[in-house]
Amino acid sequence: MPRYAQLVMGPAGSGKSTYCSTMVQHCEALNRSVQVVNLDPAAEYFDYPVMADIRELIEVDDVMEDTTLRFGPNGGLVYCMEYFANNFDWLESCLGHTEDDYILFDCPGQIELYTHLPVMKYLVEQLQQWEFRVCGVFLVDSQFMVESFKFISGVMAALSAMISLEIPQCNIMTKMDLLNKKAKKQIEKYLDPDMYSMIEDSSSRLRSKKFKKLTKAICGLIDDYSMVRFLPFDRSDEEGINIVLQHIDFAIQYGEDLEFKEPRETEQDTSPNFDEFFQDRADEEE
């Protein structure tokens, strides 16, 4: 039986831990078992139980305090993740070998981990060897995406992760509940965007012909191949959360191999006994 995983990614402050917390609560309401693994060695607080915490293996503060290494915050985090990549046996022992696992991996927010460093790619390959079906979940703050230039930047960040990891990916705009009515209406056009219209909107701001040509090429590539689309995520909207979960479940084919579970027997079975019913009818006819 396969196991299932969401790799929750995105820039710092995009709402990854909030997403995990909301998804855990939503799945509990659906009577689904979901676990969370924290892979951020710089995390300070989260309001959900975790089945594994990378800080038990290594912490950024310990690396930064090491006088022989002398790393800053970013260098320390990269060191932690490379150390983690060399100790996947720790993660394997934490995960165990339970079938039908559904695990959310709360990842760090440094974008270089998904662009030019191979750490997250190694993690995906290792999870696949452990029979996990993995879906990338790339989060972007909707408050950041209300302008065309920023939207294109967010699209490129999501696209770089998609190309680097080579797994199914759902891209999500978070914190929709924090937008006012005007911003919500404005951001609707970015959920299923017309990239060519964005070129026209931004062309007046670009003075350089080279940048205009580059922007047009990027927008055309995204639009022609429909490579990046976003789903809205409002933590107060249960229906919207369920739609996001359904997209991810479809990407990893969750539920196709689950065995049918018979309902639990109660102390007093009130269901009709059809065998006794037909036997009584036969006795009456005789």
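Quick notes on this one:
- Scanning region 67-103 for residues that are touching a helix residue (DSSP H, G or I) at 6+ places or on another chain (Cβ under 9 Å), in a loop (DSSP other than H, G, I, E, B) and free of Cβ contacts under 8 Å to residues at least 40 places away in the same chain returns Leu69, Arg70, Phe71, Gly72.
- Within region 233-278, being modelled with pLDDT under 60 and not in a loop (DSSP other than H, G, I, E, B) holds for Phe274, Asp275, Glu276, Phe277, Phe278.
- Hits in region 214-239 - residues which are in contact (Cβ under 8 Å) with a residue 60 or more places away in the chain and either farther than 25 Å from Gln143 by Cβ or within 18 Å of the chain's Cα centre (by Cα) (or both): Met227, Val228, Phe230, Leu231, Pro232, Phe233, Arg235, Asp237, Glu238
- Test: residue in region 3-17 that is out of contact with any helix residue (DSSP H, G or I) (no Cβ under 7 Å at 6 or more places or on another chain) and farther than 30 Å from Ser142 by Cβ: yes
- Taken over region 79-121, the criterion of being over 20 Å from Ile58 (Cβ atoms), in contact with a Ser or Thr (Cβ under 7 Å, 6 or more places away or on another chain) and open to solvent by 20 Å² or more (accessible area, probe 1.4 Å) is satisfied by Thr115 alone.
- Among the residues making up region 125-170, those that are in contact (Cβ under 8 Å) with a residue 60 or more places away in the chain and under 17 Å from Gly220 (Cα atoms) are Ile152, Val155, Met156, Ala157, Ala158, Leu159.
The values are calculated or read from the model by the stated rules, or taken from the named source; none is laboratory data. Here the structure is a predicted model, which is why all the values come from computation and not from measurement. Backbone-built Cβ (ideal geometry, glycine too); neighbour counts: all protein chains shown. Accessible surface is based on the protein model in full, side chains and every heavy atom, while ligands, DNA and RNA are left aside. Shrake-Rupley method; radii C 1.70, N 1.55, O 1.52, S 1.80 Å.
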